[in-house]
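Engineer: Before I ask anything, let me first share the structure, which is written out below as structure tokens.
The values are calculated or read from the model by the stated rules, or taken from the named source; none is laboratory data. These numbers were taken from a predicted model, which means no experiment stands behind them. Cβ: placed from backbone, ideal geometry, glycine included. Neighbour counts: every protein chain shown. What goes into the accessible areas is simple: the full protein's heavy atoms, side chains included, and nothing from ligands, DNA or RNA. Shrake-Rupley method; radii C 1.70, N 1.55, O 1.52, S 1.80 Å.
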Amino acid sequence: MSSVNLKQLLAKAGKALDKMNYADAGALFEKAVTLSPQAHRGWYGLGEVALGIGQTDTAATFFGHAVQLQTENARYHQRLGETLGRLGQVKDGLAHLLTARRLAPRDTGVLCSLSGGYVKTGNWHKAKSILQGVVRQPRPQSAHYCLLGLACQQLGELDEALAAFKKATALAPHYPDAWLSLCHLYKQKNMLDEASDSLRTLFILAPTAASTHELAGDLAWMRGDTQEAAKFFGQAADSAPEQLDIQAKLATALVASGDALAAIDAMARLHALGAAEDWILEKLGVMFTLKYWTPMARENLEMAVERNPGNIDAWNVLLAVYTRSGESEKVRKAADTVLEKDPDNINALLHLATWYNDQGRHDEALTLFERARKRLPQTQAVYSKTLWTQLSASSASAADILSVARAMDEQAFRSQLRANDFTARNRDSGRRLRIGWLSSDMRRHPVSAFVLPFLPHFDHEALEIFVYYNFSEEDEITRKIKSYADHWRTVAGIGDDTLADLIEGDEIDVLIDLNGFTDGGRSSMVARKPAPIQVSWLGFPGTSGMTAIDYILTPPDPVLEKGGWCSETPWPLPDCYGVRTDISDAAIEPGLPCERLQTPFTFACLNHFRKASEKTIELWSRILIQLPEARLLLVAIGGKDDDTIRYFTGKFERHGVDPRQLAFRGYVPRLQYYESYNEIDLGLDPFPYNGGTTSYDSIWMGVPFVTWPGEHLCARMGRAVLENVGLHELVADSADAYVDIAVRLAHDRERLKTLRTGLRERMLASPLLDAPRMARSLETAFQGMWRRWCENQTK
């Protein structure tokens, strides 16, 4: 064949290759090398065709022939080096790329490929140095700045990366990859507003690209908008159904948003794509945990760690499940397992500290929480769990608790406060107010038992009721509460900023946070202060420490009204802290149980044992030592576990108590719990964390209790309940008085019978069960807060 005909043949093959017509191009290049084996352009063209159809090994062979025939061709060395790198032959590939640079030292394509070769060796510094040379050449391209930005990003030089990506977008404003890279960097720097601005441009340039929708899902996830994240990840998955990481993100978002059926479908697709079985089981466990389907959560998570004992994420969720279900020893063992693998794992540290707290080992728990705070000083959960433990600890004063709460505000919350003075709000002090109730517990839950009674009794001409329900499931309690609301918003899966915008858009005047630092709480959203007046009540029985919360509702109590124990302004309700109505139909058996059942005189505390502080155990022990024939009934997680019982018993034995005087029980069904009160002669309130719900239950079941008030809210709950039913004499003013009251009543059974007589009737006639009265009290409180706010705005 003549050289002219060969050139024509190669030119025709090149045109077919440009059109990605690989069949025709391959046939023409093959014809060329058959007719002229020395036709290096033909071998090179065959290499390009092989790459185009995914035959990388074959491409390397063809490029190798081209290099052998034309050893000084930089392009051939470049493509061979790139291809060998793809095959994992990084060292050989880099050698060819270096040869290409020697042959064409200013060729930007060669230099970019060489930087990629260094990336494959892990040498990002070399890659960055080469790319800096590229962008110094005349007329650098946007793509060159993108590559430089990626190198800087990998080296942790984020400001340099940002400058490079901005230059890339400036050089080519319509180049999607530049905006994608810039947006990813903003995401890494947690600059969500800037990332969202870049994303809007990306949606204009590449509206259907999977990478665009994936990035939108990432940003929604970071904002906590799990429903929005699931929507975008779903769109990305539709565009890239075989991309495992996108499908995994979709499944995770569906789990978090509570869409069980869609999540299970996503897991099935992941399994088909080859996702690890333990990962799928872990995510199913997370979903069931979020839905409080505890047995199913435990089953899936235990299978996950069985298949992969190194799955730390599954162990961490399993810790939460074991804690929730009261499997005390499993909590400790699981925490130990995680900490063996990762000694600084925050979640395991927190759960182990919680385990100590559940055992009443408050000081040991606080030591672990302090260790976690030093490790992650800006993590809200570390502070909030510390606060829960401090409420029960004898060693923690009200000032100690307030100090931790304020530190949490400074580290985790205050920076989220919005600069909103609500200047556009109608400041008519007598107008109808918009009241927002924020809670995840508007379902069968202790908190709803205090909310449902008064909701039907609000004056809707005075108050417009909004409920922001932060849970994905509803039950018959939810449906009842929903019927009493003017507006119902299900906000589970909605991010903090979105929820804050929603509340601001609803023009809520007074927002009541019924969660505080409990499961399902939205403290980070509350920190944004979407309402001019924000109030803490019921969920967390102590100070929030938060700048964004204005008031905390309290029972009428001169100690609490002085403040000093809280960052909020105390607002005392006129009669009591809360009301209940539908408690239990369980009957009260007549007389003293010790006489009716012919059993030892029985003291009891049916609160969780975590409330039994060291000082509490000391005083209970003094009572039992003075009454050696009496017994004390207690409830504890793991109350049927021999090791747990031995530990709890040992705490009393150190004070000289005969262990035969103690009886421990685990959690029991609701009716059995109420019937347990028919075994109790006199209750003993723990301190400093008094009983709450159990105090109401005890009085309802005709069992008075002795309390010793402390210096903050939950330390004075017992007093508020007893004084509402005329049992002032059971409120001790000292440790000695607490012991003396209990011992005296154990001896003076006639007096005790008098105190017990008609106790349920007294409760029925008291403010503790007067729901309409509580509704009026709350209306008055909210109107008073509003008037004060309006007055302050005019000063």
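Engineer: Using alpha carbon centroids, what distance separates the range 481-553 and the range 231-261, in Å?
Structural biologist: 29 Å
Engineer: Before rounding to the nearest 500, sum -39500 (n - 2.57) across all DSSP H runs of length at least 4 in the chain and divide by the residue total; then give [θ] at 222 nm in deg cm²/dmol.
Structural biologist: Working: 39 runs with 461 residues, N = 795.
Theoretical 222 nm ellipticity from helices: -18000 deg cm²/dmol.
Engineer: Output ³J(HN,Hα) for the range 103-118: one whole-Hz value per residue in order, computed from phi by the Karplus curve 6.51 cos²θ - 1.76 cosθ + 1.60 with θ = phi - 60°, and x for Gly and Pro.
Structural biologist: 7, 9, x, 10, 6, 5, x, 5, 5, 5, 5, 5, 4, x, x, 5
Engineer: Would you list, by chain and number, the lysines whose Cα falls below 25 Å from the Cα of residue 12, excluding same-chain residues fewer than 8 positions away?
Structural biologist: Result set, ordered by chain and number: 31.
Engineer: Sticking with this structure for a sec: Taking only Cα atoms, what is the 0 to 90° angle, nearest 10, from helix 294-307's long axis to the longest principal axis of the chain?
Structural biologist: Relative to the chain, helix 294-307 is tipped by roughly 40 degrees.
Engineer: Using unit Cβ charges (K, R positive; D, E negative) and no other charged atoms, how large, in debye to the nearest 20, is the dipole of the range 135-261 about its Cα centre? Don't jump to the answer; show the numbers that get you there.
Structural biologist: Numbers: 10 positive and 15 negative charges, 91 e Å.
Here the size comes out at about 440 debye.
Engineer: Mind putting together the pair-distance distribution for the range 239-386? All Cα pairs, 5 Å bins, whole percent per bin, short to long.
Structural biologist: Reading the bins upward from 0: 2, 10, 17, 19, 18, 14, 10, 5, 3, 1, 0.
Engineer: Considering only DSSP beta bridges where both residues belong to the chain, give the percentage that are antiparallel (nearest 5). Before the final figure, lay out each step's value.
Structural biologist: Values: 0 of 39 bridges.
Approximately 0 percent, going by the DSSP bridge assignments.
Engineer: Here's something else I'd like to know. If ligands, DNA and RNA are left out, what is the accessible area of residue 204 with a 1.4 Å probe, given in Å² to the nearest 10?
Structural biologist: 130 Å²
Engineer: Each label point is 7 Å from the Cα along the Cα-to-Cβ direction; what then is the distance between the points at residue 748 and residue 344, in nm?
Structural biologist: Modelled inter-label distance: 6.1 nm.
Engineer: What percent do you get for the relative contact order of the range 286-384 when only Cα pairs under 8 Å and 6+ apart count? If you can, show how the numbers build up before the last one.
Structural biologist: Values: 96 pairs, mean separation 16.7, N = 99.
Over the range 286-384, the number comes to 17 percent.
Engineer: Which of the peptides 720-728, 12-20, 230-238 is most tightly packed, and how do the rest follow, judged by the mean count of other Cβ atoms within 10 Å per residue? Don't jump to the answer; show the numbers that get you there.
Structural biologist: Working: 720-728: 20.1, 12-20: 15.7, 230-238: 21.9.
In decreasing order of mean packing, 720-728, 12-20, 230-238 become 230-238, 720-728, 12-20.
Engineer: Note down the accessible area of residue 434, probe 1.4 Å, to the nearest 10 Å².
Structural biologist: The value for residue 434 is about 70 Å².
Engineer: Name the residue farthest towards the positive end of the dipole of the range 353-458 from the options 398, 367, 429, assuming +1 on Cβ of Lys and Arg, -1 on Cβ of Asp and Glu, about the Cα centre.
Structural biologist: 429
Engineer: Can you give the local net charge around residue 412? Use residues other than it whose beta-carbon is closer than 13 angstrom to its beta-carbon, Lys and Arg +1, Asp and Glu -1. Numbers along the way, then the final one.
Structural biologist: On the way: positive: 373, 385, 406, 414, 528; negative: 409, 410, 496.
In short, +2.
Engineer: Compute the long axis of helix 614-626 from its Cα atoms, compare it with the longest principal axis of the Cα atoms of the chain, and write down the angle in degrees, 0 to 90, nearest 10.
Structural biologist: 30 degrees
Engineer: What are the radius of gyration and Dmax of the range 26-133, computed over its Cα atoms and given in Å?
Structural biologist: My reading of the Cα-based Rg and Dmax gives 14.0, 46 Å.
Engineer: Say each of residue 68 and residue 106 gets a label point 7 Å from the Cα, pointing the same way as Cα to Cβ; how far apart are those two points in nm?
Structural biologist: Once both label points are built, they end up 3.5 nm from each other.
Engineer: Can you tell me which lysines have their Cα less than 27 Å from the Cα of residue 480? Leave out same-chain residues fewer than eight positions away.
Structural biologist: By straight Cα distance, residue 480 reaches 291.
Engineer: Now for a separate question. Considering Cα pairs under 8 angstrom that are at least six residues apart, work out the relative contact order of the range 137-248 and quote it in whole percent. Don't skip to the end; give the middle numbers.
Structural biologist: Working: 135 pairs, mean separation 18.6, N = 112.
Normalised by residue count, the contact order of the range 137-248 is 17 percent.
Engineer: Further question: Give a residue-ordered list of calculated ³J(HN,Hα) values for the range 250-266 (Karplus: 6.51 cos²θ - 1.76 cosθ + 1.60, θ = phi - 60°; whole Hz; x for Gly, Pro).
Structural biologist: Once rounded to whole Hz, the list reads 4, 4, 5, 5, 5, 4, 5, 7, x, 8, 5, 5, 5, 5, 5, 4, 5.
Engineer: Among the lysines, select those whose C-alpha is under 26 Å from the C-alpha of residue 128, and discard any that sit fewer than 8 residues away in the same chain.
Structural biologist: Qualifying lysines at Cα under 26 Å: 91, 120, 166, 167, 187, 189.
Engineer: Got a number for the accessible area of residue 629? Probe 1.4 Å, square angstrom, nearest 10.
Structural biologist: Its heavy atoms expose roughly 150 Å² to the probe.
Engineer: Whenever you get a sec, line up 468, 22 from highest to lowest accessible area (probe 1.4 Å, protein heavy atoms).
Structural biologist: On the way: 468 0, 22 60 Å².
Listed by decreasing accessible area, they come as 22, 468.
Engineer: Cβ neighbours within 10 Å, averaged per peptide: list 120-127, 548-555, 106-113, 249-256 in order, most packed at the top.
Structural biologist: Per-residue mean Cβ counts within 10 Å order the peptides as 249-256, 548-555, 106-113, 120-127.
Engineer: Measuring with a 1.4 Å probe in the full set of protein chains, what accessible area per residue, in whole Å², belongs to the chain?
Structural biologist: Details: 33470 Å² over 795 residues.
Per-residue accessible area for the chain comes out at 42 Å².
Engineer: Suppose a student asked you for the relative contact order of the chain, using Cα pairs under 8 Å spaced at least 6 residues apart; what percent would you report? Before the final figure, lay out each step's value.
Structural biologist: On the way: 1368 pairs, mean separation 57.0, N = 795.
Dividing the mean separation by the residue count of the chain yields 7 percent.
Engineer: Sort 222, 763 by accessible area with a 1.4 Å probe, largest first.
Structural biologist: Values: 222 80, 763 0 Å².
Of 222, 763, the descending order of accessible area is 222, 763.
Engineer: Where Rh is the Kirkwood radius over the Cα pairs of the range 510-611, the temperature 10 °C and the viscosity 1.306 mPa s, what D in µm²/s does Stokes-Einstein return? It would help to have the intermediate numbers written out before the result.
Structural biologist: On the way: Rh = 16.7 Å.
Diffusion coefficient, whole number: 95 µm²/s.
Engineer: Leaving out ligands, DNA and RNA, what percent of the accessible area of the chain is carbon and sulfur, probe 1.4 Å?
Structural biologist: Numbers: 16720 of 33470 Å².
Using a 1.4 Å probe with all protein chains present, the chain comes out at 50 percent carbon and sulfur.
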